[in-house]
Structure formats: C-alpha cells, structure tokens
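Notes follow once the structure below has been shown.
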Amino acid sequence: MFSFILRKLATVIPTFIGITLVAFALIRMIPGDPIEVMVGERKLDPVMHAAAMQRLGLDQPLHIQYFRYVKDLAQGDLGISLVTREPVTKEFLTLFPATVELAICALLFAVLVGLPAGMIAGLKRGSVFDHGVMGVSMTGFSMPIFWWGLILIMYFSVTLGWTPVSGRIDIEFDIAQRTGFLLIDSWLSGEEGAFKSAAMHLILPTIVLGTIPLAVIARMTRSSMLEVLREDYIRTARAKGLAPTRVVVVHALRNALIPVITVIGLQVGSLLGGAVLTETIYSWPGIGKWLVDSISRRDYPVVQAGILVSATIFIVVNLFVDILYGVVNPRIRSAK
Amino acid sequence: MSLLKIRNLRVEFGSLAHPFPAVDGLDFDIDRGELVGIVGESGSGKSVTMMALMGLIDAPGRVTADELVFDGHDLLKLKPAQRRKIVGKDISMIFQDALTSLNPSYTVGFQIKESLKVHMGLRGAALEKRALELLELVEIPAAKSRLSAYPHQLSGGMNQRVMIAVAIACNPKLLIADEPTTALDVTIQAQIMDLLERLQKEHNMGLIMITHDLAVIAEMAKRICVMYAGQVVEQAPVADLFRAPRHPYTQALLEAIPEHSKGAHRLSALPGIVPGHYDRPKGCLLSPRCRYAQDKCSQERPALLDGVRCYYPLNAEGESTHG
Amino acid sequence: MTTQVQIADVVPSYPSPLKEFWQSFSHNKGAVVALFIFLSVIFCGVFAGWIAPHDPVEQYRDHMLTPPSWAEGGMSTYLLGTDELGRDILSRLIHGARISLFIAFMSVLMSLIPGMVLGLLAAFFPKGAGTVIMRVMDVMLALPGILLAICIITILGPGLINTMIAIAIGTLPSYTRLTRAAAMAEINKEYVTASRVAGAGALRLMFLTVLPNCMAPIIVNATLGFSSAILETAALGFLGLGVQPPTPEWGTMLSAARDYIERAPWVVTMPGVTILVTVLSINLMGDGLRDALDPKLKRAA
C-alpha cells in the first residue's frame, strides 16, 4: 500500500518540474524586453535598466536564474505584483480561500445532485427520467457558463430580486477573517443576517460553476451503471435469487462508482477554469478574477504565479484521486 | 414425477415484426439425481434455455411456454418475489467464465455467505462454519485463508470451485452447469468434472451439463440432448447416441471429433453455418447443410418424434432412410 | 455412399454498411434533428455574406439598442434588434457562425493531425520517443483548458489566429493520449504482427495498418473537441482575450453586453442562445455518431 503511494508520487515529480520550467519560461517568452516586462515600465534609462537587470538576476546564465527561481518558490516567494507592489504570495493567500469555498460548494452541488440522478437514470434506462436527466445534462454541458451566469443574474437577481448580483456578502457586514471561508466566519461572528447573506451570495455562483461538473458526473454515473449492469457477476447475483434492490446496491453500486471517483477528481480542472469565468461575472474576489485582471493589467508576476499554483493544485488533486482509486479498487492495489 | 418439465419453450429477441427465436419450441425433462447433457454449437440456444428457466431473460427478450414446471411449482405463474425464493436455492447455475462471474470488489467468503444469509438465514458462527465447509467440499486447499481472498487473486480452477460452492450452498435440487470447464486447462477440466459428478451423486441433485464438447460429456451423462438452432434435434441415452446416432446433425458432430478421423486426410466438418437472424429456412433448420436433405425437408419443419426431429432418421448402420 | 454435398442457397439479405450506419444513426431522432440544425449553422457560415440582412460592423447610430422585431419598439429591419452601437444582431450572429466554425475547425485540425502522429510515435516507440512525448503531454495536461489558453494568449497576444493556436495547443495532449492508447491496444493484435512479419515498414504499419482501426474514438473525440472549441473561443472572446471587437464573435458580443442586462436583455440572450443551440446540436450529433459507430465495432469484433 505504502509502496503504491510512493510509486504514484514518483510519477508526479517530473511533471511538477516541467510546470516550474513552463512558469519560469512564461515571462521570458512575452514579446518585448524582459526587463521592461518584469519591472512593468517602458523606456527605462540605461542606469535603471542595468540596476534592474542586476537586481532581478537577469545578467546571470539561464540555469542559474532557474535555480534562483526554484529556490524562491521553495521559500514561498512568488514575486512582487507590479500593480500593488505587494508580495504575490500575500495577495494570493487572501484571495485563495474565496475560490476554494466556491469550488467546494460547486463540487458538492454537482456530486449531490449528479450522482443520484445518474444512478437512477442508469437503472431506469429509456424512461422519462432517464431522457430528462440526459437532456438536462447535455444542455448543461453545451452551455457557455459565463452566459449561464448572466442569465441567472438577469432572472433571479434583477427580475425576481431573490439573489444578490455580485460579491461574497452584503457590504454592511464586516466579518473577521478567521478561516477565510465566509460561510464559517459569518456563522462564527454571530452577527445577525451575516450567515444568510453569505449563503445567498453563494447560491448563483455555485450553481453556475457546478453545472458542467454536474452534467459530466451524471452522464458518467449513468454510463458506468449501465456497463456494470451488463457484467457477468450481476447475472450471477440474480441467479442467486437476490432481490433487485440488493443486486443494485450491493453488487452494482460498488463497481459502478469506481470510475466515477476518477471523474469527480478530474472535474477540479473544470472547476479551476470555470472559476475564472464565474468569478469575473459575479465579481467574486477569488484567484480566478485576480488572474484575468492581471493579464489585462500586464501584471506578469501574478500571471506566472497563478499558472504555477493552478497547475500544482491540479496535479495534487489528480494524484490524490489516483491513490484513492487504488484504495477503492482491490485489483489495482494488489496487482504488480 | 419429474423434477423439471418444459414443454414448447420459446424465447424470442428482436422486433415484434421480425423476431429472432433463440429457442424455438423446446421440450425437456429431468429427474432428481439424473445427469443430463445438453450439447450444441454456439448459437444453438442451450444457454438461453437455462437462462429463461432461471428468469434471467430481460426485455426485449420474450419467454413463452406451454409448461414450465419445477418441483411442482408452475414457474410461469409465480410472482418475481416467489420465484426468487426458488432460484439460487433449489435451482442454481454456474457459468463459463468464473472470474468475470464473481464480483471483483468482494471477497470470496462474502459471496459464498450471501446465499446462505439470504436463503437459509444463517448468521455468525453457523454462517462461518458452513462457508468453510463448502470450500472444503469443493476441495479448495487452505480453505480458511481463502475466505478473505478476492477473485482476481485465485486461479481459474479455484474460481470455478468457488462458483460451485456458491451454487451448492443451499443444497439445490437442480444444478445447471453452463460450460463450466470450457475456459479451463485440460487437467483442471477433469478435476472439475469429477468434482461435479461426485457432488451430484452425494447430494442426489439433478445436474444439467451444457457443453459443446461431446467428449467431455460422454463419460458422465446418462442422457444427452442435442440442440441445433434453438431446437432439440435428438435425445437419447448416452450409449445409444454414440453407438447409433439417428439425426444427421448428431452424426456430423460425432464425425467431427478428431479421434474419429484417424487415418483420414482431412478432418470431417459440416459445411455452412448455423442460421442466424436473416437466413432461417422455411423447412428443417439443418436442411441447407444436411447431406441427406430431401424436398420435404426444405418445405416443412419436422416435429420431435420418438426422440429425434427428422423425417428420415438414420438407421443403425448410420445410413439415411429416405426413399 | 457419399452423395454430393449440396449447400442450399439461402441468400441472406444483409444491409450495406452505409445503410446500416444510417439506420442506427437515424434511430436516434435527436441526433437527426441536431444534424439538420448543424447543417443550417454551416449554411449560415458559408453563405453569410449573402444571407445576412445587414453589414455586421455597420453602426446605425439612430437605432442603438432597438428591441427585437416582435417586442415593443422593435423594427422589422432589425429582426433580432440592435446592440449598444446600433449594429444588427442577426447579421452579427450569422457572420459569427462563420468565425466560430472556422476557428473550431482549424483548431481541431491543427491539434488532431499532430496529435495522431505523436500518439502513433509514442505507441510504436514506447521506450525512447514515447516517454519524452508523454511526459511533455503530462505537463501540458496539468493546466486546464482555459488556463492554458490564457497562458498562450499572454505570450502571443489576443486575436483570432492566436485563439486558434491557443485552443489547438490545449487539445493536443488529449488527442495524443487517445491515439496512443488506441494504437497500443491494436499493436498487440495479431493482424499487426502478421503485417510486420510480412515485411511492412514502420511508416506503413503506423499509418496504413494501425491508424484506420483507431479512428472511431478519435472521430468521436473530434466532434466533442469541435464543440468545446466553440465554447472556448466564446469564453476567450468574453474575457477580452480572444477575437477582438468589432469582429462579430459570439463570445465577444457577450462581453460588452454585460452592462445591458437590465436595459436591453436581448443583447445578452441572443448570442448565448445561438452558442447553446450550436454546441448542443454538435454534441447530440456526436452522441448519435458514437452510438452508431460503437455497436458496429462490437458486432464486427
């Protein structure tokens, strides 16, 4: 078991190194003078130019620069933002919890709705429910989510006035940041209406961000269910005279859920990408919006850091899913 | 009274306008303690018959029969819940590929104990004891440790023994074995066949052995049914069948056994293939391939008379009796 | 004794492969409807210049933010209304079809062909080229689609061509992986060994022997890739990183529309519905395609 985890870790390391190389190279590939790019100003006079070059270590050979970059990374230094002049790491840590909160809620939404829907659709193949689930999931899958977000605002916030238009919480509330998760913090603060406000602000972004994962999970669960139900061991279970409920819950479910776990893990990628769009629409103060704003503001150290962090999150989650898959599927665990 | 009585069983697939009869008017009987072999090629309908008996045929398949009686119960009239009390307990089935027929996510012990829990209501120590007993009965060495093994950790032969243990857990009156040894090595084949024979005798079970290999069944069965394209074409006691086959198809099957071609230049084979969905003949289903076919054969379907479905059954010398 | 063995001529009436394919495809009514819709979109794209009632970039200053013709204040000259700069939305949508389809098609082509080649190379030379290729693909796959596209746009700058390149690079790893997996499954089969023994060289083996048998999952994935390319193009356009105004790309149309949710909702709904319907039709077709191809493969096996 332990060796299995170690083996999986080992495969991930080269990829991670590759990512750092890409992030490192990113800034240097932007057209224009790298010094000007990195300092954020045009037309520096020669003295300042030389000083900046030395300060940033750009007069060193490339591999030295790379090692310096990695060393900084290891110490948690992601550079300085060109716009705010603050350390990127500090800004990042402030904004990150907002994205995580949104992502977790969206994933929960997708799993809690999509999984049962897919299962039942698979069991009742060809029924109205099945076609309904497939139709809805197909639509969700084909929708541009930024438009979906706008439509929801248009209908629920503007026309019906049920949900707020943007932000994480009503402006009048000033909640102390303890965990960074507003749902928890507002609950802890005890201020009246704070929790409700935070929750209401979460609803629309959660639905929007969770739509595509929901569609994918529902479809995957359904097809996995259908495949498992065709297997020989289901025939054996029925030949044993077991009740249909037992056949499904005990024999089919366990095996059907295995591939779904991988899919759920892979949705993190969709969540990261979707967060960029969702946060932009709902002015949600997370790293997605931060990344997009930085690009238009040419705040390259932020972009570089954002790419690196997103990729790292993605790799870590995939690794976790791989290991989980091995735990759940006895064949992978004991093989080799 | 026979343990199992089937009359005019018909299993259809496909559209109602253009159905495909996988089983086309089958009659079958078996008594307690009898060992009957069902022989036929792929596509002859032998497995489908047994699946229909067990209630395992789903829509869009349609099962109809004039009679389908097991141990006094009319299976056609039983509600699903009642049928489930019989299936898995009094009638059991084992399948060809043991590895895929066992659930990969559960231990062998769990799968054996399941039938015992559901049908016999065993719990705790009694359950454990019986499960162990069963593994020993099927001659699995180191039975105790095997209970916590997963199917993919055991060999093909062992898995098949596990399947047999699962099937006989509740002392069934009838055991159906669908090609249990086809996927196994020859030496293991012999062991499994011996095991099945022994268990059958010890528990006085009816045993239906489905196979496409005549040689395998020759030693064990008392009676053999030969199936072709969804129908029984010949039924006879084993010795009679081998000594003097009466249906041309049976004759062809026997001729096709390599041992019978000693000294010949080429192995004997029946030309053509089993009729499928689109090419079922109007008359006798074998007529396109039968070397003795007459005009009458390709016009009308013969009925099963005196154990053989042929207008001109072969005589004792193996010659055709057509005029 | 042995009479002539006469095998009676029972002529089976098997349907031809194309007819069989159409039979299974048309069984799925949704897929057929989707096909029609998609063909209409293609029609719009190809004949945009002739069908569109107005020039897509012309601004009718006197008629800014006109509602659609069926709503109050609408005019029949602007069937779907005008946007904030007075441009006819219907014409912009029709021309937008051309742009989206073009970008999607090119990006799929640009990632499919190198992807297949790389995948085949990785499958045939697993030890050397294979490991390198797959490691590089792993790195590329570590960045989810939008982020990778954003990365590339950062370097190359926004615009139509760069959008195409960004999307193509983003989907390259999945075609590589897919082709490699399919090829590796085929390589171990006996017909490949037979060809090899018969003296077929590596190139012939790769492209003529193995590749045709891997095409089914690749085709299905390509349809999916086509629809996701349209969505990505729109997303990048929306973020201001893709096709730039005044070029009428559907997503770009939506980015300016955000401010008009209350005043002029049609500016928001129209482009979005168009994207939805187009992508939905492609996905439904893809589903129908896969259902029609898969069971056929299973039957042939």
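The values are calculated or read from the model by the stated rules, or taken from the named source; none is laboratory data. Because the structure is predicted, anything quoted here is derived from the model rather than measured. Cβ: placed from backbone, ideal geometry, glycine included. Neighbour counts: every protein chain shown.
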Inset, instruction - Search the stretch C:262-280 for residues being in contact (Cβ under 8 Å) with a residue 24 or more places away in the chain and at the interface with chain A (Cβ under 7 Å from one of its Cβ atoms), and hand back the single one that is surrounded by the fewest Cβ atoms within 10 Å (Cβ to Cβ). - result: C:Leu280
Inset, instruction - Would you mind finding the one in A:Ile153, A:Ile80, A:Ile104, A:Ile169 that is modelled with pLDDT of 90 or more and among the hydrophobic types (A, V, I, L, M, F, W, C)? - result: A:Ile104
Legend entry - Any hit, the stretch B:273-296, residues being hydrophobic (A, V, I, L, M, F, W, C), away from chain C (no Cβ under 13 Å) and free of Cβ contacts under 8 Å to residues at least 12 places away in the same chain: no
Inset, instruction - Select, from A:Tyr282, A:Tyr325, the only residue that is at pLDDT below 85, of a type in the set (Phe, Trp, Tyr) and more than 15 Å from the chain's Cα centre (by Cα). - result: A:Tyr325
Legend entry - Answer from A:Thr262, A:Thr163, A:Thr236, A:Thr179 - the residue that is among the hydroxyl-bearing types (Ser, Thr, Tyr), surrounded by 18 or more Cβ atoms within 10 Å (Cβ to Cβ) and away from chain B (no Cβ under 14 Å): A:Thr163
Legend entry - Matching residues in the stretch A:186-215 - criterion: being farther than 20 Å from A:Ser283 by Cα and free of Cβ contacts under 8 Å to residues at least 60 places away in the same chain: A:Trp187, A:Leu188, A:Ser189, A:Gly190, A:Glu191, A:Glu192, A:Gly193
Inset, instruction - Considering only the stretch B:241-272, state which residues are within 12 Å of chain C (Cβ to nearest Cβ), surrounded by 12 or more Cβ atoms within 10 Å (Cβ to Cβ), among the aliphatic types (A, V, I, L, M) and not in a helix (DSSP H, G or I). - result: B:Leu270
Inset, instruction - Working only within the stretch B:85-122, note down all residues that are over 20 Å from A:Arg230 (Cα atoms), in a helix (DSSP H, G or I) and within 9 Å of chain A (Cβ to nearest Cβ). - result: B:Lys85, B:Ile86, B:Glu114, B:Ser115, B:Val118, B:His119
Inset, instruction - Filter the stretch A:284-302 down to residues that are at the interface with another protein chain (Cβ under 8 Å from one of its Cβ atoms) and surrounded by fewer than 24 Cβ atoms within 10 Å (Cβ to Cβ) and give me whichever is nearest to A:Val83 (Cα to Cα). - result: A:Tyr300
Inset, instruction - Collect the residues in the stretch A:265-283 that are more than 8 Å from every other protein chain (Cβ to nearest Cβ) and without any contact (Cβ under 8 Å) to a residue 40 or more places away in the chain, keeping them in residue-number order. - result: none
Inset, instruction - Could you tell me whether A:Glu231 is out of contact with any helix residue (DSSP H, G or I) (no Cβ under 6 Å at 6 or more places or on another chain) and within 14 Å of chain B (Cβ to nearest Cβ)? - result: yes
Legend entry - Matching residues, the stretch A:239-257, being surrounded by fewer than 18 Cβ atoms within 10 Å (Cβ to Cβ) and assigned to a helix (DSSP H, G or I): A:Pro244, A:Thr245, A:Arg246, A:Val249, A:Val250, A:Leu253, A:Arg254
Inset, instruction - Out of the residues in the stretch B:14-54 that are of a type in the set (D, E, K, R) and touching a residue at least 60 places away in the same chain (Cβ under 8 Å), state the one that is surrounded by the most Cβ atoms within 10 Å (Cβ to Cβ). - result: B:Lys46
Inset, instruction - Can you tell me which residue within the stretch C:241-261, out of those that are at the interface with chain A (Cβ under 7 Å from one of its Cβ atoms) and modelled with pLDDT under 85, is surrounded by the fewest Cβ atoms within 10 Å (Cβ to Cβ)? - result: C:Arg258
Inset, instruction - Go through (1) in contact (Cβ under 8 Å) with a residue 24 or more places away in the chain; (2) in a helix (DSSP H, G or I); (3) more than 10 Å from chain A (Cβ to nearest Cβ) and name the single condition B:Glu139 misses. - result: (2)
Inset, instruction - With the condition kept exactly as written, say whether any residue in the stretch C:115-134 is within 14 Å of another protein chain (Cβ to nearest Cβ), within 22 Å of A:Thr20 (Cα to Cα) and part of a loop (DSSP other than H, G, I, E, B). - result: no
Inset, instruction - Scan B:Ser287, B:Ser320 and give me the residue that is of a type in the set (Ser, Thr, Tyr), surrounded by 12 or more Cβ atoms within 10 Å (Cβ to Cβ) and closer than 22 Å to B:Pro19 by Cβ. - result: B:Ser287
Legend entry - Top-ranked residue of the stretch C:285-294 - restricted to ones that are more than 17 Å from A:Ile212 (Cβ to Cβ) and either out of contact with any Phe, Trp or Tyr (no Cβ under 9 Å at 6 or more places or on another chain) or facing chain A (nearest Cβ under 10 Å) (or both), ranked as surrounded by the most Cβ atoms within 10 Å (Cβ to Cβ): C:Arg290
